[in-house]
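The values are calculated or read from the model by the stated rules, or taken from the named source; none is laboratory data. Predicted model only: the values in this text are computed from it and were never measured. Please note: Cβ atoms are built from the backbone with ideal geometry, for glycine as well, and neighbour counts cover all protein chains shown. Note: areas computed on protein heavy atoms with side chains; ligands, DNA, RNA excluded. Shrake-Rupley method; radii C 1.70, N 1.55, O 1.52, S 1.80 Å.
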Amino acid sequence: MLKINQSLLSFLLLLALAGMAVLSVYLTLPPQAQPADAPQDEFSATRAMAYVREVAKEPHAMGTPAHARVRAYLLQEMQKLGLNPQVQETTAVLEAGQVCYAGYVYNVLGRLKGNRPGKAVLLVAHYDSQPNTPGAGDDATGVAALLETARALRQGEQLQNDIIFLLTDGEEYGLLGARGFMQHPWAQEAGVVINVEARGNSGASASFEMSSENGWVVQEFAKAAPYPMAGSIMYEVYKKMPNSTDFTVFSDAGITGVNSAFVEGFVNYHSMTDTPENLNQNSLQHHGSNMLALAKHFGSIPLDNTKAPDRVFFNPVGKWLVQYPVGLNMLWGGIVTLLLVVVWAVGTKRKAFTGMRALAGALVYVLVLGVVAGLFLPINNLVTGAMPYFTESGTYNIYLFLGAYLLLGMGLFLLLYRLAQVWLKPLALAMGACLIWFVAFAVVMMSVPSAAYLFLFPLMFCLAGLLFVTKGRSFKTPGSVAYPLGLLVAALPALFMWTPVVQLLMIIFDLNMPVAMVSALAVLMGLLLPLLLYIEGGFRVRDLPVLPALLILAGAVLTMAAINAEKPGPGQPFKTQLSYYLNADTGEALWASGNSRHDNWTGSFFTKNSTKTALTSLYPHASLQYHITSAPQLPLQAPEAEVVQDSTAGNSRVVQVQLRSVRGAQHLELVLQPENAEDIKAIRLNGQLCTMQPLDTAEGAIYMLRLYGLPLSKEAILEVEATPGSKVGLLLYDQSIGLPQQLLPSPMPADVVPAQGRFSNLVVVRKKYEF
């Protein structure tokens, strides 16, 4: 039997593990952007970037002049592509309990005709941006992917099915454009929908959501997509989360489809740093290559029967997509159960472990998982506390923090297991970890069977590895190469399937919840336990835990480097929340900021010891806490409300009020204050019914409405059906995006930008009316 020095072998094995982990992530990277001179019938990210640069020149939220400019540009480009574009103008309503959200949307639609009647393929991206971002990633890349796909499709033969190109408006304010499109006759013709999104500016385009009864679409997606990145666990997790995209509207309407997005670079999401210059063009290529292939495929097959039982689907390695019926899990589960029983029998017979020691190993594994995850709560608090500029919008140097936390997590895990080896042998500890993995697999199998693969196949191969080393007795032969190499081969499925998950969890949660990544890392290390303990043993000097100590030390040094690298600067600015509010009735003006910590520029607006309070002087229902200070009064024109009709018939009084932003603001907020909540019977905005529950406030019951994206006329019609003789108060607010430059003590510095979100960087003017 071949033998080798354990220290040398341990070093080589550590390099192999690290190399395989890096390779597993490398294989998930998006494809290289194709050049401008790529074949005309192929997708080229370089060509598509021309669209991105034009759409993402500046922030272009609903109701802004930039929004109108982008729309005119898109109509022009779609006309050039022969899509015969049209604009759908409508008011869409999102009813969300105690607040009614509505928006005046301008959807841009075009169509590439097929050669046969039937259902159409619907390609979707949204062209509006959040108010404080150019929106290169979210979602100028989606817009560019659609337009470059249209150009490429026109180079080939006519497809069987029509292709509808839908550029929605108002996605950032409640999926309003998608909701509005459902009123359009083309919505009834859609047989399959492909939506593209982004939650950052880099990374692979992962198809994280499929419609319900996904069996058909999964199989067709696997046939057609050149770079499929998908997993049924993503589908299961996402549908239980409150997040939504335009795809949600179509999926809820029963349209079959695929939803894809890239999510790296979260710190740039909805931020002024989401620019064309910062965009990873490979991510755009991934979007477009898959979209073009799927459009050709779905455009060439019947789309009448697109529902089938859900399937399991995942990438075991890189972009290799495996999919099979959920029922096959019973077969795989039977094999795993048989392997567990056989390993238990062989291991106890060969005295690799005893039953009681294996159970003790399971307890140790649970305790170590809890301790490692628990320690990262105070560790992360120390790290974020050392960065007064840290916000929940994420970190610019996420991979430095990822590397640091990986090193710290691995070091702590191995150190704790070094202590556990005082009482238990490595294979007893390994068998205990496998028992916990089996329990986790069984629970997931019973509750979410299409997600069980994440535990099933790694466990299956690791049990096979344990069977190999116990049956062959290599664990009893000091210096045996067969023992670690057998374990290394068995660990490969776990490494390739779980390492990208560990990375993805850090990308998604950043330093807001790194315990998710650390927990996944510890779960993975449990399956690699016998190999890791072998490697750790080869690094010991005088029985001291050298490897854990080195990992913890390296993690601490890298953490300090990451903290230092995160300091704000022009390339990674601090995000500040600041807005100006004016009560036109009293003349009171305020600066308000929701920052938990101020930068020097924003701090200059407030006293050093200012405390947070709610904006109850402006909003009777206010609860969010803001730093507030008085501001100079500007002569801003207040929003107007004019009664254009007031009629009573029977037991109903109907009042129509024309609302207008004289200063050309982007949005309106309305607070209706009846004498009694039941006095109001119905509320409509631009003819659309708004259903909501009253809010109880110190000033009595109110009804709250928001109208996003005022039309070019800057007008809207409010209709209130009330009890005859009743009086209704109206607090009318208009919101414009951008601070009043004449009041700023100095221009916003290069290392400060407006914070993400709809409630930052605003000028809000309030006026009270009664009818």
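List every residue pair whose Cβ atoms sit under 6 Å apart, with the two residues 6 or more apart in sequence or on different chains, where the first one lies in segment 622-640 and is more than 20 Å from VAL671 (Cβ to Cβ) and open to solvent by less than 30 Å² (accessible area, probe 1.4 Å) and the second, anywhere, is assigned to a strand (DSSP E or B) and aliphatic (A, V, I, L, M). As it stands, the answer is ALA631/ALA589; ALA631/LEU590, since those pairs meet every condition given. Got at least one residue in segment 384-405 being under 30 Å from VAL312 (Cβ atoms) and out of contact with any Lys or Arg (no Cβ under 8 Å at 6 or more places or on another chain)? So far as segment 384-405 goes, yes, one or more of its residues are under 30 Å from VAL312 (Cβ atoms) and out of contact with any Lys or Arg (no Cβ under 8 Å at 6 or more places or on another chain). A Cβ distance below 8 Å, combined with a sequence gap of six or more or placement on separate chains, defines the contacts here; from segment 368-385, residues that are closer than 25 Å to ILE436 by Cβ reach residues that are of a type in the set (Val, Ile, Thr) and open to solvent by 20 Å² or more (accessible area, probe 1.4 Å) in the pairs LEU369/VAL523; ALA373/VAL515; PHE376/VAL515; LEU377/VAL515; ASN380/VAL515.
Across segment 508-520, not a single residue is classified as outside any loop (DSSP other than H, G, I, E, B) and closer than 18 Å to PRO426 by Cβ. Those strands (runs of 3 or more DSSP E) of segment 603-677 in which at least 2 residues are under 29 Å from LYS727 (Cα atoms), considering only elements entirely within it, cover 640-649, 652-660, 667-674.
Summed over segment 723-742, the residues that are assigned to a strand (DSSP E or B) and among the basic types (Lys, Arg) give a count of 0. Candidates in segment 669-680 are the residues that are over 15 Å from PHE771 (Cα atoms) and either charged (D, E, K, R) or at pLDDT 95 or above (or both); of these, the one that is surrounded by the most Cβ atoms within 10 Å (Cβ to Cβ) is GLU669. Count of segment 576-608 residues, restricted to those that are more than 19 Å from LEU743 (Cα to Cα) and at pLDDT 95 or above, is 2. Within segment 598-611, can one find any residue that is under 21 Å from GLN735 (Cβ atoms) and not assigned by TED's automatic domain parsing to the domain that holds THR391? Yes; the residues of segment 598-611 include at least one that is under 21 Å from GLN735 (Cβ atoms) and not assigned by TED's automatic domain parsing to the domain that holds THR391. Collect the residues in segment 382-436 that are among the β-branched types (Val, Ile, Thr), modelled with pLDDT under 95 and either closer than 19 Å to PRO530 by Cβ or touching a helix residue (DSSP H, G or I) at 6+ places or on another chain (Cβ under 8 Å) (or both), keeping them in residue-number order. Matches in segment 382-436: VAL422 only. Quick check, is ALA722 hydrophobic (A, V, I, L, M, F, W, C), modelled with pLDDT of 95 or more, open to solvent by less than 50 Å² (accessible area, probe 1.4 Å) and at negative phi? No: the conditions fail for ALA722. Once segment 176-189 is narrowed to residues that are in contact with a helix residue (DSSP H, G or I) (Cβ under 9 Å, 6 or more places away or on another chain) and open to solvent by 10 Å² or more (accessible area, probe 1.4 Å), the residue that is nearest to VAL25 (Cα to Cα) is ARG179. As for segment 471-482, it holds at least one residue that is closer than 22 Å to ALA362 by Cβ and either open to solvent by 20 Å² or more (accessible area, probe 1.4 Å) or in contact with a Leu (Cβ under 8 Å, 6 or more places away or on another chain) (or both). Looking across segment 360-390, just one residue is part of a helix (DSSP H, G or I), small (Gly, Ala, Ser) and closer than 29 Å to LYS575 by Cα, and that is GLY385. Screening PHE353 against (1) touching a helix residue (DSSP H, G or I) at 6+ places or on another chain (Cβ under 8 Å); (2) of a type outside the set (D, E, K, R); (3) open to solvent by 20 Å² or more (accessible area, probe 1.4 Å) leaves a single unmet condition, (3). Counting only helices (runs of 4 or more DSSP H) that fall entirely inside segment 219-322 and contain at least 3 residues that are surrounded by 22 or more Cβ atoms within 10 Å (Cβ to Cβ) and assigned by TED's automatic domain parsing to the domain that holds GLN130, the qualifying elements are 246-252, 281-298. If you scan segment 678-722, which residues turn out to be assigned to a strand (DSSP E or B) and of a type in the set (Asp, Glu)? Correct list: ASP696, GLU715, GLU719, GLU721.
Taking the condition in a helix (DSSP H, G or I) and more than 30 Å from ARG758 (Cα to Cα), does ALA345 pass? So ALA345 fits the description; yes.
On inspection, LEU109 fails the criterion of being in contact with a helix residue (DSSP H, G or I) (Cβ under 8 Å, 6 or more places away or on another chain) and surrounded by 22 or more Cβ atoms within 10 Å (Cβ to Cβ).
Suppose the filter is open to solvent by 10 Å² or more (accessible area, probe 1.4 Å) and in contact (Cβ under 8 Å) with a residue 24 or more places away in the chain; does GLN79 pass it? In short, no. Could you tell me whether ALA96 is within 28 Å of PHE266 (Cα to Cα) and open to solvent by 20 Å² or more (accessible area, probe 1.4 Å)? Criteria met by ALA96. Considering each residue of segment 45-53 in turn, none proves to be touching a strand residue (DSSP E or B) at 6+ places or on another chain (Cβ under 9 Å) and open to solvent by less than 30 Å² (accessible area, probe 1.4 Å). Scanning segment 558-599 for residues that are touching a residue at least 60 places away in the same chain (Cβ under 8 Å) and part of a helix (DSSP H, G or I) yields LEU558, THR559, ALA561, ALA562, ILE563, ALA565. On the stretch given as segment 131-161, residues that are touching a residue at least 12 places away in the same chain (Cβ under 8 Å) and either open to solvent by 10 Å² or more (accessible area, probe 1.4 Å) or not assigned by TED's automatic domain parsing to the domain that holds ALA190 (or both) total 8.
Is one or more of the residues making up segment 117-124 over 22 Å from SER251 (Cα atoms) and either in contact with a strand residue (DSSP E or B) (Cβ under 9 Å, 6 or more places away or on another chain) or open to solvent by 10 Å² or more (accessible area, probe 1.4 Å) (or both)? Yes, that holds for at least one residue. Screening the candidates ALA38, ALA33, ALA16, ALA66 for the property of being without any contact (Cβ under 8 Å) to a residue 60 or more places away in the chain, surrounded by 15 or more Cβ atoms within 10 Å (Cβ to Cβ) and either assigned to a loop (DSSP other than H, G, I, E, B) or not assigned by TED's automatic domain parsing to the domain that holds LEU123 (or both) yields one hit, ALA38.
Here is a list: GLY555, GLY537. Which entry is modelled with pLDDT under 95, assigned by TED's automatic domain parsing to the domain that holds LEU487 and out of contact with any strand residue (DSSP E or B) (no Cβ under 7 Å at 6 or more places or on another chain)? Result: GLY537 is the single residue among GLY555, GLY537 that is modelled with pLDDT under 95, assigned by TED's automatic domain parsing to the domain that holds LEU487 and out of contact with any strand residue (DSSP E or B) (no Cβ under 7 Å at 6 or more places or on another chain). Kindly establish whether PHE208 is open to solvent by less than 10 Å² (accessible area, probe 1.4 Å), in contact with a helix residue (DSSP H, G or I) (Cβ under 9 Å, 6 or more places away or on another chain) and closer than 23 Å to ASP252 by Cα. Criteria not met by PHE208.
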